[in-house]
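**Student:** So that we are looking at the same thing, I have put the structure below in structure tokens.
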Amino acid sequence: MNENRMIQLHPLTFLEDKQGVLIGRFGTDTFAVFPEDGAALVRKLQEGMGVAEAHSWYQDTYHDEVDMDDFLQTLRDLTFICDVEEKETKAQKVSGQWLGKLAFSPLGWLIYGAIITCALWLLYQYPQIRPGRLSILFSEYAMVVFLGMTIGQIPGILFHELMHMLAGRRLGIPSELSIGRRMYFLVFTSSMPGIWGFPKRKRVLPFLVGMFGDILWYSLLVIVAGAIWINTGEKTIIAAYCMGLAFTTLLRFFWQFYFHLQTDIYYLMITMLGCVNLQEATRSHLKNIWYGLIGKKNKMVDMSKYTERDHQVARWYSFFYATGWMMMTGMMLYMIPVAIQLLTNIFLSIFTGEDMKFWDSVVFLSITGVQYGIVFYLYLKERRNKREIRNLSMEQRG
């Protein structure tokens, strides 16, 4: 062993865990659980102790032997060790960290409280501007409603993700905002690499702040609608549009309670409960219950591939999982009157409406048909691909 050999580690985070010490490379999602003695050895290396010296320290402290070459290879595989050509890196302040701290400073919370209080006062004082499910139909033209609700939600979704990003930047995490798509819909997503390296209490705000952002966005839309009502004495098209967007913001807020999806609340729960893959473990647990009831135990999933904590929590989390499905079903039923009203307006416009409404309804039905046609085509294509893979697998076994 080279007495003078020194290694250089990237900035690391150390977090006490029930199974040991969770060590992660700062600013990334690379983490691993080390036993306490292994974590102590990593700390010594990070402090600048030479490899041979660290080896001797470990032997003297724990009266045990450690294969340093194997240990260093593990650190290298985790990308904890800087490359030879890499210069020493130190934890630096992330750009925009000041903005994150400002956004969640006492002044920021005071402003947020004032906005929400103002919105609550307007909702109490002027029942006419209270958003409801029919607020979505803010125009008599179906395409105006469709485009207005589709495009108008983009700033609200962006605001939700920006709140996540700012909360991450506040902690010094290089959180980012990106634009993507789900099928043919534009979506914004935020990433917070390294968030799991912080204590649980510090993860609560970054995970839940998006929902708080929805409340703020809802409040701002109500304030705009209320200001218009106060100045004009009537619900103009702009006020009605704001009410419609406010209601869809509520829908996005309650979406977070669909526990069968990986929502913000889900990530908070796995953080507080110390789980790793609770969602998949819960699905497997429910499958096993079903297979047990129908007598097909040979199809039961082996739960040993999940952590003991995931398996334990999945037993009662399955009730939350089912509740999420019921809430989604209930929301769909709640929105049926909106669909009925919209379709009624469309068909009335086709058969008895003026030219403008007639063509508006025709274009809307055409676009909607194309959308659902694409969804149905992708569904059939996915099923066909799965069937071909299954048949090929059977042929190879044969």
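**Student:** If I compute Kirkwood radius over Cα pairs in Å from the structure I just sent, which labelled value in (1) 23.2; (2) 22.5; (3) 25.9 lines up?
**Tutor:** It is the one labelled (3).
**Student:** At 222 nm, what value in deg cm²/dmol follows for the chain if DSSP H runs of at least 4 each add -39500 (n - 2.57) and the sum is divided by all its residues, to the nearest 500?
**Tutor:** Taking each H run of at least 4 residues, the total per residue is -22000 deg cm²/dmol.
**Student:** Using the alpha-carbon atoms, what tilt in degrees (0 to 90, nearest 10) does helix 68-77 show relative to the longest principal axis of the chain?
**Tutor:** 20 degrees
**Student:** Quick check: the angle from helix 237-255's long axis to the longest principal axis of the chain, C-alpha only, nearest 10 degrees?
**Tutor:** Once rounded, the angle reads 40 degrees.
**Student:** Turning to a different aspect of this structure: Could you please report the charge total around Ser190, scoring K, R as +1 and D, E as -1 over all other residues with beta-carbon less than 11 angstrom from its beta-carbon?
**Tutor:** Net of charged neighbours comes to -2.
**Student:** With a ≥ b ≥ c the root eigenvalues of the C-alpha gyration tensor of the range 194-307, is it rounded (a/c under 1.5), prolate (a/b larger than b/c) or oblate?
**Tutor:** It comes out oblate by the Cα gyration axes.
**Student:** With the full set of protein chains in place, find how many percent of the accessible area of the chain is carbon and sulfur; take the probe as 1.4 Å.
**Tutor:** On the way: 14350 of 23540 Å².
That fraction is 61 percent.
**Student:** Further question: Give the residue list of trypsin sites (Lys or Arg not before Pro) in the range 261-344 that are DSSP loop and have at most 15 other beta-carbon atoms within 10 angstrom.
**Tutor:** Details: sites: Arg283, Lys287, Lys296, Lys297, Lys299, Lys305, Arg309, Arg315; in loops: Lys296.
Passing sites in the range 261-344 are Lys296.
**Student:** Would you work out if the range 96-256 is rounded, prolate or oblate? Take a ≥ b ≥ c from the square roots of the eigenvalues of the alpha-carbon gyration tensor; rounded if a/c is under 1.5, else prolate when a/b is larger than b/c, oblate otherwise. Each step should come with its number before you reach the end.
**Tutor:** Numbers: a/c = 2.75, a/b = 1.54, b/c = 1.78.
Here the range 96-256 falls in the oblate category.
**Student:** Further question on the same structure: Could you order Val362, Val42 so the one with the most accessible surface comes first? Probe is 1.4 Å.
**Tutor:** Working: Val362 45, Val42 0 Å².
Per-residue accessible area, sorted high to low, gives Val362, Val42.
**Student:** Something else about it: Kindly express, to the nearest 10 degrees and within the range 0 to 90, the angle between helix 142-170's C-alpha long axis and the longest C-alpha principal axis of the chain.
**Tutor:** With both axes taken from Cα atoms, the answer is about 30 degrees.
**Student:** Please list Lys44, Lys235 in order of solvent-accessible area, largest first, computed with a 1.4 Å probe with all protein chains present.
**Tutor:** Lys235, Lys44
**Student:** Further question on the same structure: Leaving ligands and nucleic acids out of the surface, order Cys82, Cys118 by accessible area at 1.4 Å, largest first.
**Tutor:** Descending accessible area places them as Cys118, Cys82.
**Student:** Tell me, what is the per residue accessible area of the range 12-78 in Å², probe radius 1.4 Å?
**Tutor:** For the range 12-78, the solvent-accessible area averages 54 Å² per residue.
**Student:** Treat each spin label as a single point 7 Å out from the Cα along the C-beta direction, and report the Phe14 to Thr189 distance in nm.
**Tutor:** Output for this residue pair reads 3.4 nm.
**Student:** Follow-up. Say the dipole of the range 12-78 comes from +1 at the beta carbon of Lys and Arg and -1 at that of Asp and Glu; which of Tyr62, Thr28, Met49 then lies farthest toward its positive end?
**Tutor:** Projecting each Cα onto the dipole axis, the largest value belongs to Thr28.
The values are calculated or read from the model by the stated rules, or taken from the named source; none is laboratory data. Since the model is a prediction, treat every value here as computed from it, not as a measurement. No Cβ is skipped: glycine too gets one built from the backbone with ideal geometry, and neighbour counts run over all protein chains shown. Note: accessible area is taken over every heavy atom of the protein model, side chains too, but ligands, DNA and RNA are not part of it. Shrake-Rupley method; radii C 1.70, N 1.55, O 1.52, S 1.80 Å.
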